[in-house]
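Here is the structure we will look at, set down as structure tokens.
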Amino acid sequence: MKFSIKTLEKTDSTQDVIKDLGAKGTPEGAVIHALEQLKGRGRQGKVWHSPVGNLYMSVLLRPECLADDVPQLAFVSGLAISAALETYLPAGHVKTLKWPNDVFVDGKKISGVLTETTLVRGRVDCVAVGIGINVSAPPEGAISLDTANGRENSIEGLRDTVLESLARHYRAWQNRGFEVIRAAWVKQAHGIGEPIIACLPDSEIKGIFRGVDEQGWLVMEDRSGNERHIKAGHIEFKSQ
Ligand code: BTN
């Protein structure tokens with residue numbers, strides 16, 4: 001995939017800019033990178049604090065897939081970020097993927113992904129893949145790349161490495177399907193076998209994290225020993 005990158009000094013959210021471009025028919029591969037966001041957003045309506053010093057970008061994709069399969073792109077992106085970070089982290093650091101699409105280093109969040117889909121007449125028109133990576137200004141409790149590898153990392157260099165990795169993983173998903181992505185993701189999954197609380201819009205389920213199914217849904221064993229598959233929400237580990 002060929003990327004066409006536009007860098008903005010500041011904007012409310014790169015997601016809004018890329019979605020506007022998508023609505024205008026801009027081809028796949030457009031990227032909006034902002035040095036700072038004034039209204040950065042995370043999953044589930046959360047604010048994504050976006051001061052100067054971290055990577056904030058949104059990528060426009062036009063996957064030929066069903067709307068139900070779009071959440072798979074979060075796993076594609078999480079894996080791509082993880083692979084990109086590989087070259088940045090010295091041995092000894094532990095990188096994990098937390099369902100559905102966070103990247104952790106040494107047990108702390110370094111990156112998050114937000115996918116937003118535009119449907120036209122019920123079909124997927126485009127997907128805005130928003131990627132945030134803490135480089136030098138992490139929020140409280142999170143980790144930055146600069147802290148993890150003890151140097152000053154170039155945000156542009158990281159952006160290009162992540163995009164190259166995203167293109168590779170996206171191609172693998174298109175050509176070989178979700179199973180290869182799922183299997184690679186599960187190998188790096190944060191906390192398989194550990195107690196979790198799955199937080200759903202109107203309830204919580206306690207149990208043990210078992211993995212991810214062929215659709216990307218969370219698989220857990222609830223306290224009665226039943227296997228539960230959960231489509232959307234977030235999970236908390238006892239140790240967090
Ligand atoms: C999360 O972990 O909740 C997802 C965070 C996604 C943040 C990125 S930063 C670039 C893009 N623009 C936004 O407003 N959000 C995403």
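The values are calculated or read from the model by the stated rules, or taken from the named source; none is laboratory data. Only a predicted model underlies this, so the values are computations on that prediction, with no experimental measurement involved. Ideal geometry is used to build each Cβ from the backbone, glycine not excepted, and the neighbour counts take in all protein chains shown. Just so you know, the surface numbers come from the protein's heavy atoms only, side chains and all, with ligands and any DNA or RNA stripped out. Shrake-Rupley method; radii C 1.70, N 1.55, O 1.52, S 1.80 Å.
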What does the highest-first list of 199-209, 68-78, 215-225 look like by mean Cβ count within 10 Å?
-> 68-78, 215-225, 199-209
Using alpha-carbon pairs under 8 Å, 6+ residues apart, how would you state the relative contact order of the stretch 4-187 in percent?
-> 21 percent
Protection-proxy order for peptides 94-101, 187-194, 17-24, each taking the mean of Cβ atoms within 10 Å per residue, highest first | 94-101, 17-24, 187-194
Rounded to the nearest 0.05, what FRET efficiency do T96 and T7 have when you use their Cβ-Cβ distance and R0 = 25 Å?
-> 0.25
Could you order peptides 169-178, 57-66 by the average number of other Cβ atoms within 10 Å of their residues, highest first?
-> 57-66, 169-178
Three-way shape label, the stretch 63-151, alpha-carbon gyration tensor, a/c 1.5 = prolate
Computed over the chain, the convex hull of the Cα set has an average projected area, in nm², of 12.8 nm²
Which distance in Å, rounded to a whole number, links the C-alpha centroids of the stretch 199-240 and the stretch 112-187?
-> 23 Å
Cα-centred dipole magnitude for the chain, charges only on beta-carbon of K, R (+1) and D, E (-1), debye, nearest 20 | 160 debye
Please name which of A232, V76, V47 has its Cα lying farthest along the dipole of the chain towards the positive end, using unit charges on Cβ (Lys, Arg +1; Asp, Glu -1) and the Cα centre as origin.
-> V76
Stretched out fully, how many nm does the piece from V186 to L119 gain, at 0.36 nm a residue minus the Cα gap?
-> 21.2 nm
Heavy-atom accessible area per residue of the chain, all protein chains kept, 1.4 Å probe, expressed in Å², is 49 Å²
If you plug each phi of the stretch 66-82 into the Karplus form 6.51 cos²θ - 1.76 cosθ + 1.60 with θ = phi - 60°, what whole-Hz ³J(HN,Hα) values come out, in order, with x for Gly and Pro?
-> 6, 4, 5, 8, 4, x, 4, 5, 5, 6, 4, 5, x, 5, 5, 5, 4
With all protein chains present, the chain has a carbon and sulfur share of its accessible area (1.4 Å probe) in percent of 49 percent
With an 8 Å cut-off on Cα pairs and a minimum separation of 6 or more residues, tell me the relative contact order of the stretch 195-237 in percent.
-> 39 percent
